[in-house]
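To start, the structure under review is shown below, and the notes come after it.
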Amino acid sequence: MSVSRGAGVPAPGGAPAGAMRMLAQLRTALAARTVTAAGIAAVYRYRDPGEVRGDLDGLRAAGLIDAAGDGAIEATETGRAVLAGMYQAGGEVTGQLWSQHGNALAGLNDLAGRVVQAGLATGGDAYLTMARRTSRPMPPSVCCSITGCRYCATTAPTRTLRRGRRPDLPAKP
């Protein structure tokens, strides 16, 4: 559903489709922090390095990322706005798909938490690059759009889906 919604949206600044796919793949990491060159290499270790450089160049040319030293990248203000739009579309689709399954979400949320913690301990460089590793709460729209998620900044006591909320990504720490 979210893919079909996004398919009709033109890429900002004329960014190529492959570059936008990379932005979507790195959305959690780029929303929260700078992504190191070693992290990019770990995540894309099975892709041709020339293609990876081409996608990064496309994102830079579109003004969605900037170099952050030593080959690292970070989202620009425009990039964070595009990421916010991605999270908004994903949140809307998630709300539609899960709105009838609220009772199941608490158990799934706890299971996901255990998986994330195990991955942080054993997941390797690519997992560590993509995983959220900060103790600072993230806005629910950036994390998962589920009210009550243990990783979100939400304080609601129930675990129901959030719908129709425009996400605002945090400024770079």
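The values are calculated or read from the model by the stated rules, or taken from the named source; none is laboratory data. All values reported here derive from a predicted model rather than from experimental measurement. Backbone-built Cβ (ideal geometry, glycine too); neighbour counts: all protein chains shown.
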Take the conditions modelled with pLDDT of 80 or more and either outside any loop (DSSP other than H, G, I, E, B) or touching a Ser or Thr at 6+ places or on another chain (Cβ under 8 Å) (or both) and apply them to residue 114. Does it pass? yes
Can you say whether residue 76 is at pLDDT below 90 and in contact with a Leu (Cβ under 8 Å, 6 or more places away or on another chain), as far as the supplied structure shows? no
Report, by residue number, each residue of region 90-110 that is aliphatic (A, V, I, L, M), within 19 Å of residue 28 (Cα to Cα) and at pLDDT below 80. none
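Residues are listed down the side, and each one gets a yes or a no for (1) within 17 Å of residue 38 (Cβ to Cβ); (2) in contact with a strand residue (DSSP E or B) (Cβ under 6 Å, 6 or more places away or on another chain); (3) free of Cβ contacts under 8 Å to residues at least 24 places away in the same chain:
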{"position": "61", "(1), (2), (3)": "no, no, no"}
{"position": "98", "(1), (2), (3)": "no, yes, no"}
{"position": "101", "(1), (2), (3)": "no, no, yes"}
{"position": "107", "(1), (2), (3)": "no, no, yes"}
{"position": "123", "(1), (2), (3)": "yes, no, yes"}
{"position": "127", "(1), (2), (3)": "yes, no, yes"}
If the Cβ limit is 8 Å and pairs must be 6+ apart or interchain, which residue in region 33-53 that is more than 13 Å from residue 128 (Cα to Cα) pairs with which residue that is among the aromatic types (Phe, Trp, Tyr) and assigned to a loop (DSSP other than H, G, I, E, B)? 52/44
So which of 51, 74 is outside any helix (DSSP H, G or I) and of a type in the set (Asp, Glu)? 74
Any residue that is closer than 19 Å to residue 19 by Cα and without any contact (Cβ under 8 Å) to a residue 24 or more places away in the chain - is there at least one of those in region 63-73? yes
May I ask you to list the residues in region 80-94 that are crowded, with 21+ Cβ neighbours inside 10 Å and either of a type in the set (Asp, Glu) or closer than 10 Å to residue 15 by Cβ (or both)? 82
Tell me the residue from 105, 30 that is in contact with a Lys or Arg (Cβ under 9 Å, 6 or more places away or on another chain), in a helix (DSSP H, G or I) and under 21 Å from residue 126 (Cβ atoms), please. 30
